[in-house]
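Note sheet for the following structure.
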Amino acid sequence: MTAVIGFDTSNYTTSAAWFDGDAGENRGKLLEVKPGELGLRQSDALFQHVKRLPEITAQLAETLSGRRIAAVGASTRPRAVEGSYMPCFLAGESQGQSLANLMGVPFHRFSHQQGHLAAILWSAGRMELLEQRFLAWHLSGGTTELLLVEPGLRGSRIGGTEDLSAGQLIDRTGQLLGLDFPAGKALDALSAGAEASPFPVKVRDMGFSLSGIQNQVKSRRDKGAGDGETAAFALSTVCCAVKQATEQALSRFGDLPVICTGGVASNAMLREHLAPLGAIFGPARYSTDNAMGIAVLTWYQEVSHG
């Protein structure tokens, strides 16, 4: 049986995956961030990726079951736009290119964002959208973008935040509460059952600002808000802003499918807020950084359209 390999070495996760046109496996591991810190320098992230790739690929190799590798792919930049660059992706690109060279198979380059979208389309059973127009949210620690995606995953930014990303607000709220980084899962758990009215963020032309919300969260905490209320306040503020921007996009571009990906897309409150709009989510493990989407795109490019 034929399969392809994909690599993704993002700012926070080392991952590798295989895909055979139907099934696949992803192996990944979060990078280590010191307690109290909110991320890594690119040089440190790159170093950790280089050290961990042998371990990750060894784990993946155990699941291949004799499949013949037809091609290798990797995410080589954050977005498929001119000037998009981040050194940490050099680790996966170098590993993938070297493997392809040694095996004598083609090597394919994609963006991290395209990989995110493909992982959701595959895991949600909506691969037909690869050849259709749709709206997509990429919500993570570094990105809060609303995209208009054309066939072939050619996306253009139409909205989102111009400053602080949703993931940054969540992680900074987590730091305020003494949570480990990344704080998304813990904040999600704390907010369950808690009540807090969101801050009324202004959403205009599908865009909004979250830079002042960090101070609102701190002010609420200083006035005695508990952990659950503080978490619910931060998350509900993000969710309401995203929902309003989505409604504006649907009004402008028509009744298009809405895809949600990125680490923040695994949040239960967000899924609840966007459910009335028919938003499409994948399993949480394919919303966060992973190489499965890169493997899916490699298959699509090499085997389906080779």
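The values are calculated or read from the model by the stated rules, or taken from the named source; none is laboratory data. Predicted, not measured: the structure shown is a model, and the values here were computed from it. Backbone-built Cβ (ideal geometry, glycine too); neighbour counts: all protein chains shown. For the accessible areas, the whole protein counts, side chains as well, though only heavy atoms, and no ligand, DNA or RNA atoms are used. Shrake-Rupley method; radii C 1.70, N 1.55, O 1.52, S 1.80 Å.
Could you work out the relative contact order of the stretch 1-73? I mean the mean sequence separation of Cα pairs under 8 Å and 6+ apart, divided by the number of residues, in percent.
Dividing the mean separation by the residue count of the stretch 1-73 yields 42 percent.
Can you give the relative contact order of the stretch 187-271 as a percent, counting alpha carbon pairs under 8 Å and 6+ residues apart?
Computed value for the stretch 187-271: 41 percent relative contact order.
What FRET efficiency do you get for Arg204 and Asp44 if R0 is 35 Å and r is their Cβ-Cβ distance, rounded to the nearest 0.05?
Once rounded, the FRET efficiency stands at 0.40.
Between the DSSP loop rule and a limit of at most 12 other Cβ atoms within 10 Å, which trypsin sites (Lys or Arg not before Pro) in the stretch 180-244 are left?
Hits after loop and neighbour filter: Lys202, Lys223.
So, with a 1.4 angstrom probe, what is the percent of accessible area on the chain that is carbon and sulfur?
49 percent
Kindly provide the GluC sites (Glu not before Pro) of the stretch 35-142 that DSSP labels as loop, not H, G, I, E or B, and whose Cβ sees at most 16 other Cβ atoms within 10 Å.
Values: sites: Glu37, Glu55, Glu62, Glu82, Glu93, Glu128, Glu131; in loops: Glu37, Glu62, Glu82.
Those satisfying the criteria are Glu37, Glu62, Glu82.
Convex hull over the Cα atoms of the chain, averaged projected area in nm²?
Projected over every direction and averaged, the Cα hull of the chain covers 15.3 nm².
Within the stretch 1-87, which chymotrypsin sites (Phe, Trp or Tyr not before Pro) sit in a loop by DSSP and count at most 14 neighbouring Cβ atoms inside 10 Å?
Here the sparse-neighbourhood loop sites are Tyr85.
Nothing charged except the Cβ atoms of Lys and Arg (+1) and of Asp and Glu (-1): what's the magnitude of the dipole of the stretch 1-148 about its Cα centre? Round to the nearest 20 debye. Write out the running numbers ahead of the final one.
Numbers: 13 positive and 14 negative charges, 35 e Å.
With only Lys, Arg, Asp and Glu charged at Cβ, the dipole is about 160 debye.
Given Cα pairs under 8 Å that are at least 6 residues apart, what percent is the relative contact order of the chain?
24 percent
When the helices in the chain are scored as -39500 (n - 2.57) per DSSP H run of 4 or longer and the sum is shared across all residues, what 222 nm value do you end up with, to the nearest 500 deg cm²/dmol?
Working: 10 runs with 122 residues, N = 306.
The per-residue figure over the chain is -12500 deg cm²/dmol.
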